[in-house]
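Comments concern the structure below.
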Amino acid sequence: MYPEELRDALKEMGEKPFRAGQIFSWLHKGARFSEMTNLSLALREKLAQNGIDQPVTIRETHVSKLDGTKKFLYALPDGNCVEGVLMRYHYGCTLCVSTQVGCRMGCRFCASTLDGCTRNLSAAEILGQVQCANSTLDGEKVHNIVLMGSGEPLDNYDEVVRFLRLVSHEEGLNIGLRHISLSTCGLVPQMKRFAEEKLPVTLSLSLHAPNDDIRQQLMPIAKRYTMEETLDACRYYIEKTGRRVVFEYALADGVNADEKCAEELAMRLRGMQCHVNLIPLNTVKERNLFGVSENQVRAFLSVLEKRHISATRRREMGDDIEGACGQLRKKVLQEEKP
Ligand code: SAH
């Protein structure tokens, strides 16, 4: 709840509205109702009966021996679980959060979507992931957030926008919106609507192809919206927010990774205020999709650079702990199957 909603709810419970501020800041510190010592015992009990103070708990933690990256499996109140990854960079900790249990977008290379979408996460459940991650950090706090875990954030629009407003709230965790990236597979109408919210987050678009033909082989959403419509929505976002868009491009051997693709991509993105993030695809054997070598990444990158398209190669982290999207949850679900 936003503080004003909390105020109304308290009023309805016959409580003093000013308690809303106290409760809001406790909740955002990750406190349980029973720990809210400036409230009466009776109110604490009443809150515990009417609300949930801990929507997410950590069920498993895996720490990478390579780079200290942590992968969490979170438990939700209804028995579902989602994943998150905490990465440590020189400029601070970045947390990758999930927005849905599963995903219904059906991208061929993505493990999160294999069993479809079970349900949306609430704003509280997305926020709870940040609080859980913070609780594992000694002194430090999550500094950047990427909405790149399982789920399509813009397919859970209202709760995601609520999460963004809550996590950046001055009385809450107060994480700057400029430190947050939202990644979408390209839901065009929602991208335009999101541009109107004027939230200064970075929009990342999972592009993964230089043309409709290849994009349609990889992502069902490309059959719904053409690449030009999708790029137009990006241009609209840039125009409305003044912020550059980041294009994610996972290189899959023999599919979208040769220099011809790089040339075509450069042509399509010419003149746009954007940045390209190249990722060697995490191999998905079941789907016959394979990653690329370091040399192939370098060759692709150098074409983009020659064409003056700003681009970098994304560093891989947590390779030894199923760091990528949906992999850990899938493994756990499989192990639990009778
Ligand atoms: N639904 C959103 C956010 C979640 S996926 C989106 O599609 O953008 C986060 C990123 O991981 C996306 O760019 C997605 O395309 C990418 N991804 C998924 N599976 C991958 C794989 N096997 N290898 C590399 N990147 C992958």
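Coordinate-derived values only; no laboratory data. Keep in mind it's a predicted model, so treat the numbers as computed, not measured. Heads up, the Cβs are rebuilt from the backbone with ideal geometry, glycines too, and the neighbour counts pull from every protein chain shown.
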Whole-number percent relative contact order across the range 71-149, with pairs defined as alpha carbons under 8 Å at least 6 apart:
32
Net charge of neighbours whose Cβ lies under 10 Å from the Cβ of F72, counting Lys and Arg as +1 and Asp and Glu as -1
+1
Check: the chain dipole with +1 on Lys, Arg Cβ and -1 on Asp, Glu Cβ, in debye
360
In terms of modelled amide H atoms, which long-range or inter-chain residues lie less than 5 Å from the amide H of S183?
L147, S204
Most mobile listed residue (R178, R104, R315) in the chain, GNM with C-alpha springs under 10 Å:
R315
Length gained if D8 through K141 is fully extended, taking 0.36 nm per residue and subtracting the Cα-Cα distance, is 44.8 nm
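Can you tell me what percent of all Cα-Cα pairs in the chain are more than 36 Å apart?
22
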Taking the Cα-to-Cβ direction at E294 and at R270 and moving 7 Å from each Cα, how far apart do the two end points lie in nm?
3.3
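Find the relative contact order for the chain and round it to a whole percent, using C-alpha pairs within less than 8 Å whose residues are 6+ positions apart. Intermediate results must be reported in sequence, preceding the final value.
On the way: 618 pairs, mean separation 50.6, N = 338.
Reported relative contact order: 15 percent.
Which FRET efficiency value, to the nearest 0.05, do you get for E335 and S34 by plugging their Cβ-Cβ distance into 1/(1 + (r/R0)^6) with R0 = 25 Å?
Numbers: r = 34 Å, r/R0 = 1.37.
Once rounded, the FRET efficiency stands at 0.15.
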Would you compute, from DSSP H runs of 4+ residues alone, the mean residue ellipticity of the chain at 222 nm, taking -39500 (n - 2.57) per run and dividing by the full residue count, rounded to the nearest 500?
-11000 deg cm²/dmol
Plugging the Cβ-Cβ distance of I52 and R88 into 1/(1 + (r/R0)^6) at R0 = 35 Å yields, to the nearest 0.05, a FRET efficiency of 0.70
The exposure ranking of S310, S168, fewest beta-carbon neighbours within 10 Å first, is S310, S168
Simple spin-label model, 7 Å along Cα-to-Cβ: K65 to K16 in nm?
5.7
Relative contact order for the range 142-278: what is it in percent, counting Cα pairs under 8 Å that are at least 6 residues apart?
22
Highest-MSF residue in the chain out of D258, D138, D67 [GNM, Cα springs under 10 Å]:
D138
Rounded to the nearest 5, what % of DSSP beta bridges with both residues in the chain are antiparallel?
45
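If each residue of separation counts as 0.36 nm, what is the full-extension length gain between D158 and L177 once their alpha-carbon separation is subtracted? Intermediate values should be presented prior to the final figure.
Details: separation 19, 0.36 × 19 = 6.84 nm, distance 1.65 nm.
Here the segment from D158 to L177 would lengthen by 5.2 nm.
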